[in-house]
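Notes for the one structure printed next.
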Amino acid sequence: MSSTFSQNLVSERFLSVRNFLGLSQKAFAEGLGISLRGEQNYERGERQIPSDVLYSLYQVYDVDPLWILAGKELQPRLVGNRNGLNNDFLHRAIEVVKNAEKKSGKEFSPEQFTSWIGAIYRFYIENPSGSGQAEVELIQSLLGGHQSV
């Protein structure tokens, strides 16, 4: 496992999002579309946060899923231009990985999910049109041949 990934740190960051938003556990769970028990398990680090919950954090609360998994800051990092991230590229990268995960029938590990989103995001930053054979080849090489664009 990478030194940047720690289940305890992930659960601490998950809790810090809820505290940052000023929500109860129940309200936070409802916003994410998960059970209260599931939310509590993620906060305590008893279960890994699955990719669909990371995606919900992004969609519902604008929280950078890469920050949840590997962030260094204490305060939640939000997506969008206000913090230097390109929200459109991040959204597209997450969609690519989510589609590949769905096609594979397996749940990717948090490290794989983070790594692949980061690589695809960087590709879009360097290639703003993000189309063509280079995109397909990158995605296939990262995701083991699951073409999802």
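The values are calculated or read from the model by the stated rules, or taken from the named source; none is laboratory data. Since this is a predicted model, take the numbers as computed values, not measurements. When we count neighbours, we look across all protein chains shown, and the Cβ atoms used for this are built from the backbone with ideal geometry, even at glycine.
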Exactly one condition in (1) outside the structural domain of THR114 (by TED's automatic domain parsing); (2) of a type outside the set (Gly, Ala, Ser); (3) at negative phi is false for ASP62; which is it? (3)
Only one of these conditions is not met by ALA93: (1) at pLDDT 85 or above; (2) surrounded by fewer than 16 Cβ atoms within 10 Å (Cβ to Cβ). Which number is it? (2)
From LEU69, LEU54, which residue is under 20 Å from GLU111 (Cα atoms), at pLDDT below 90 and not assigned by TED's automatic domain parsing to the domain that holds TRP116? LEU69
Do we have any residue at all in the stretch 24-46 that's basic (Lys, Arg), more than 16 Å from LEU142 (Cα to Cα) and out of contact with any helix residue (DSSP H, G or I) (no Cβ under 8 Å at 6 or more places or on another chain)? yes
Condition check: acidic (Asp, Glu), on the phi < 0 side of the Ramachandran plot, in contact with an Asp or Glu (Cβ under 7 Å, 6 or more places away or on another chain) and assigned to a loop (DSSP other than H, G, I, E, B). Does GLU107 satisfy that? yes
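Which residue is farthest from LEU21 (Cα to Cα), if the candidates are limited to the stretch 35-82 and must be acidic (Asp, Glu) and within 14 Å of the chain's Cα centre (by Cα)? Quick ask: steps written out before the conclusion?
Of the residues in the stretch 35-82, the ones acidic (Asp, Glu) are 39, 43, 46, 52, 62, 64, 73.
Narrowing the set further to residues that are within 14 Å of the chain's Cα centre (by Cα) leaves 52, 62, 64.
Details: ASP52: 20, ASP62: 11, ASP64: 14 Å.
Looking at the filtered set, the residue picked out is ASP52.
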